[in-house]
Amino acid sequence: MPATTVKLMLGADIRRAALDAPTLAALRALVKTHFKLGARACRLLWVDDEGDRVTLTADEQVQEALALAGSGGRLLKIEVLPAAVTGA
């Protein structure tokens with residue numbers, strides 16, 4: 001399967017990237033590489049066809065998001081929300 005171009009958004013920083021496999025693991029690796037997040041946890045969200053922000057938690061959801069974006073002739077846009085740093 002050829003790579004699919006997606007948009008990754010972390011705050012105001014937006015980047016185009018090539019996703020080699022339609023899996024959550026591949027998407028997470030791409031995000032961590034492009035934004036230098038290292039081992040830091042993050043949530044990945046996208047806006048579905050009904051305008052809802054949906055959290056990606058499984059490969060099937062990544063594949064559905066890619067299919068819906070592609071059917072509309074758009075790139076899939078992924079919002080990246082790094083986990084809050086906690087501690088006292």
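Only the coordinates and a few stated rules stand behind these numbers; no lab work does. Given the structure is predicted, the values throughout are model-derived calculations rather than measurements. Neighbour counts run over all protein chains shown; Cβ positions are idealised from the backbone, glycine included.
When only the Cβ of Lys, Arg, Asp and Glu is charged (+1, +1, -1, -1), the dipole of the chain relative to its Cα centre reaches about 540 debye. Comparing Leu45, Leu37, Leu27 in a Gaussian network model of the chain where C-alpha atoms under 10 Å apart are linked, the largest mean-square fluctuation is found at Leu37.
Selection among Val6, Ala25, Pro82 by position relative to the dipole of the chain gives Pro82 as farthest towards the positive end (Cβ unit charges, Cα centre). Each of the peptides 16-23, 74-81, 50-57 was scored by the mean count of other Cβ atoms within 10 Å over its residues; in descending order, highest first, they stand as 74-81, 16-23, 50-57. Shape analysis of the chain based on the Cα gyration tensor places the equivalent ellipsoid semi-axes at 22, 14, 12 Å, largest first. Partners of Lys32 within straight-line reach, counting aspartates and glutamates whose Cα lies under 13 Å from its Cα and excluding those fewer than 8 residues away in the same chain: Glu79. Lys36 sits among other residues whose Cβ lies under 13 Å from its own Cβ, and their net charge, with Lys and Arg +1 and Asp and Glu -1, is +2.
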